[in-house]
Amino acid sequence: MKLTMQNTLRLISQYPLIILFIFSSYFFFVTYTQFDATLQHKGKFESTQVLSSLSIELAKERGLSASYLSSEGGIAKEALQEQRINVNKAIKEFHDYFQTREMSSSLKNSVALLTKIVEISPKNR
């Protein structure tokens, strides 16, 4: 097979460009899928932060409530009132965050239970 001038130019110019285009397309696709996964993880991370904050504040209130009740009101009254304010802030942050996002059924149950917590003791909050 004899290489003509046209085949020689094609071999030198077009084939390397095609190979370069294929590799760049592949790496662009890989980068985009990683970027998309990062965005999904970011959303999960933010929701985990909100849920974690709420969980910690509720646990602190539970502990202070136990101390207050076991001492029959002798200790931790002021700390309990401050913690209830912190819990209210965490509940509001929770509601604000998840109001604009799609919620699973377990999260909807959590919202209903949090609403009941606020309704049960409105005078203490």
Restricting segment 86-123 to residues that are loosely packed, with under 13 Cβ neighbours inside 10 Å and β-branched (Val, Ile, Thr), the one farthest from Ser53 (Cα to Cα) turns out to be Ile120
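Matching residues to (1) farther than 30 Å from Arg101 by Cα; (2) modelled with pLDDT of 95 or more:
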{"site": "Asn7", "(1), (2)": "yes, no"}
{"site": "Ile12", "(1), (2)": "yes, no"}
{"site": "Phe23", "(1), (2)": "yes, yes"}
{"site": "Phe29", "(1), (2)": "no, yes"}
{"site": "Ala37", "(1), (2)": "no, yes"}
{"site": "Gln40", "(1), (2)": "no, no"}
Can you tell me which residue among Ser110, Ser67 is among the polar types (S, T, N, Q), part of a helix (DSSP H, G or I) and within 18 Å of Glu46 (Cβ to Cβ)?
Ser110
Looking for something without any contact (Cβ under 8 Å) to a residue 24 or more places away in the chain, of a type in the set (Gly, Ala, Ser) and not in a helix (DSSP H, G or I) - is there at least one such residue anywhere in segment 46-63?
no
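The values are calculated or read from the model by the stated rules, or taken from the named source; none is laboratory data. Keep in mind that what you see is a predicted model, and the values were worked out from it rather than measured. A quick note on method: Cβ atoms are made from the backbone with ideal geometry, for glycine too, and the neighbour counts reach across all protein chains shown.
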